[in-house]
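Each remark here refers to the structure printed beneath this line.
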Amino acid sequence: MQRPVEARKDEFLISTDKALLQVDVIHQYLSQESYWAEGIPRSIVERSIEGSLCFGLYTNGQQIGFARVISDMATFGYLADVFVLTEWRKRGLSKWLMEVILSHPGLQDLRRMMLITQDAQGLYKQFGFSVWEFPERSMSKRIGKTYPEMNAAHS
């Protein structure tokens, strides 16, 4: 297992150490505040963390941000679940988080990193992301139920 990557800036820490992640914070944000994972069950958040390279953002031991990269660590990566809690925004922390993610040693040989965003194009453009130049080559398929449907089935 690789040693965690850490970066410090003032009172803030970004770490890839999964032992530091506060899953309650991550699940609460994703299930209650995000538009992309509304209603996501905690068990799925836990599984997504297990299968990803995770970046936690902390201050004084409190988790205030998160991002994860799903990758083979060789050719491709998908950036997902990026957030900074509302009260910690407008401090440059999301930009710093992106800098740390993109400088991670395990991601340097990737041919492509992708993401989907509804409202943060401006942030990602600053780091070289652009609209997919070949949309006619891109396909996706929804598999399974949406999170609200899953939750209703387990109620």
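Structure notes:
- Qualifying residue in segment 77-96 (condition: at pLDDT 95 or above, under 23 Å from Ser140 (Cβ atoms) and open to solvent by 50 Å² or more (accessible area, probe 1.4 Å)): yes
- Residues in segment 5-15 that are touching a residue at least 40 places away in the same chain (Cβ under 8 Å) and either surrounded by fewer than 18 Cβ atoms within 10 Å (Cβ to Cβ) or in contact with a helix residue (DSSP H, G or I) (Cβ under 9 Å, 6 or more places away or on another chain) (or both): 7 in all.
- Among the criteria (1) in contact (Cβ under 8 Å) with a residue 40 or more places away in the chain; (2) open to solvent by less than 20 Å² (accessible area, probe 1.4 Å), the one Ala67 does not fulfil is (1).
- Long-range neighbours under 6 Å by Cβ, at least six apart or interchain, first residue under 14 Å from Arg68 (Cα atoms) within segment 23-44, second open to solvent by 20 Å² or more (accessible area, probe 1.4 Å) and part of a helix (DSSP H, G or I): His27/Arg42
- Here is the figure for segment 97-124: residues that are open to solvent by less than 40 Å² (accessible area, probe 1.4 Å) and of a type outside the set (A, V, I, L, M) total 4.
The values are calculated or read from the model by the stated rules, or taken from the named source; none is laboratory data. Values in this document were obtained by computation on a predicted structure and should not be read as measured data. Please note: Cβ atoms are built from the backbone with ideal geometry, for glycine as well, and neighbour counts cover all protein chains shown. To get the accessible areas, we keep the full protein, side chains included, count just its heavy atoms, and leave off ligands, DNA and RNA. Shrake-Rupley method; radii C 1.70, N 1.55, O 1.52, S 1.80 Å.
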